[in-house]
1. Using the structure shown, decide if ALA61 is farther than 30 Å from MET139 by Cα, open to solvent by 30 Å² or more (accessible area, probe 1.4 Å) and at pLDDT below 95.
2. If you go through the range 121-131 one residue at a time, do you hit one that is within 14 Å of the chain's Cα centre (by Cα), open to solvent by less than 40 Å² (accessible area, probe 1.4 Å) and at positive phi?
3. Residues in the range 152-168: is at least one of a type in the set (S, T, N, Q), in a helix (DSSP H, G or I) and either open to solvent by less than 40 Å² (accessible area, probe 1.4 Å) or modelled with pLDDT under 95 (or both)?
4. Looking at the range 47-72, I want the residues that are under 14 Å from ALA87 (Cβ atoms) and outside any loop (DSSP other than H, G, I, E, B) and have a partner that is of a type in the set (A, V, I, L, M) and open to solvent by 50 Å² or more (accessible area, probe 1.4 Å) with Cβ atoms under 6 Å, at least 6 apart or on another chain. Which pairs are those?
5. Go through (1) among the polar types (S, T, N, Q); (2) touching a residue at least 40 places away in the same chain (Cβ under 8 Å); (3) in a helix (DSSP H, G or I) for GLN179 and report which single condition fails.
6. Exactly one of (1) assigned to a loop (DSSP other than H, G, I, E, B); (2) closer than 26 Å to PRO14 by Cβ; (3) within 19 Å of the chain's Cα centre (by Cα) is unmet by PHE103. Its number?
7. Would you mind finding the one in SER76, SER44, SER71 that is polar (S, T, N, Q) and at pLDDT below 85?
8. Of all residues being assigned to a loop (DSSP other than H, G, I, E, B) and in contact with an Asp or Glu (Cβ under 9 Å, 6 or more places away or on another chain) in the range 106-116, which is most open to solvent (accessible area, probe 1.4 Å)? Just the residue, please.
Amino acid sequence: MTSSPEILNRGYRPEQPVPFSHKLHAGRLKMDCRYCHNTVEKSSHAAVPPTATCGNCHSGADASGATPYASVRATSVALAPVRESLATGESIDWTRVHNLPDFVFFNHSAHVTRGVSCVECHGRVDKMDVVQVVEPISMSWCLECHRNPDSSIRPVDEVTNLEWGTDMSEEEKRVLGKQLRDELNIHPSTNCSTCHR
């Protein structure tokens, strides 16, 4: 998988084949990030969900007029690609928003299972109709966090609670993060081989 410079720039927000709103799903409906990105705790990649996941709520009617799963907006024109993908088995051609270059290794599970929230890299996606890059996703940015991780660590059970900590000062987050880092024996590496393998 390759990457291009525009993907690493703040503000990059590609148009998708289906207008999926994280603001609606993760924000208003409070869907957990792991419902769609179900490999994030077990794998280095946070999987783009298969259409079957979308179909759990947006299956539409079959040839007989019955809805096999659920019928939320079953006739929506915007969701026609979802229904077509479910019918044909062909994947939806989503455009990745965050896509590191091939020479960079990043492990999602190593971060989220230790208390680093989705928010730290992806921002408040629960407030975004269209997901965009909000952080520079550069080597210096990653190294800064590895050198000073305390304010980026939260209780593991709050990792997908994107509102967590909004009522805390940076100092309060840093103190709690230091305590959690000590308890969990977290020592982020700054060795080149950590990310360049």
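1. yes
2. Looking for residues that are within 14 Å of the chain's Cα centre (by Cα), open to solvent by less than 40 Å² (accessible area, probe 1.4 Å) and at positive phi, one finds at least one in the range 121-131, hence yes.
3. Step one: list which residues in the range 152-168 are of a type in the set (S, T, N, Q), which gives 152, 160-161, 166.
Going one step further and asking which of them are in a helix (DSSP H, G or I), we end up with 152.
The next check asks that each one be either open to solvent by less than 40 Å² (accessible area, probe 1.4 Å) or modelled with pLDDT under 95 (or both); those that pass are 152.
Yes, some residue in the range 152-168 is of a type in the set (S, T, N, Q), in a helix (DSSP H, G or I) and either open to solvent by less than 40 Å² (accessible area, probe 1.4 Å) or modelled with pLDDT under 95 (or both).
4. Pairs found: THR51/LEU86; GLY55/LEU86; HIS58/VAL72.
5. Status for GLN179: all satisfied but (2).
6. Unmet for PHE103, out of (1) assigned to a loop (DSSP other than H, G, I, E, B); (2) closer than 26 Å to PRO14 by Cβ; (3) within 19 Å of the chain's Cα centre (by Cα): (3).
7. Exactly one of SER76, SER44, SER71 is polar (S, T, N, Q) and at pLDDT below 85, namely SER71.
8. The qualifying residue most open to solvent (accessible area, probe 1.4 Å) is THR113.
The values are calculated or read from the model by the stated rules, or taken from the named source; none is laboratory data. Remember, predicted model here, so these are calculated numbers, not experimental data. Using ideal geometry, Cβ is built from the backbone for each residue, glycine included, and neighbour counts are taken over all protein chains shown. SASA here: full protein model, heavy atoms, side chains in, ligands and nucleic acids out. Shrake-Rupley method; radii C 1.70, N 1.55, O 1.52, S 1.80 Å.
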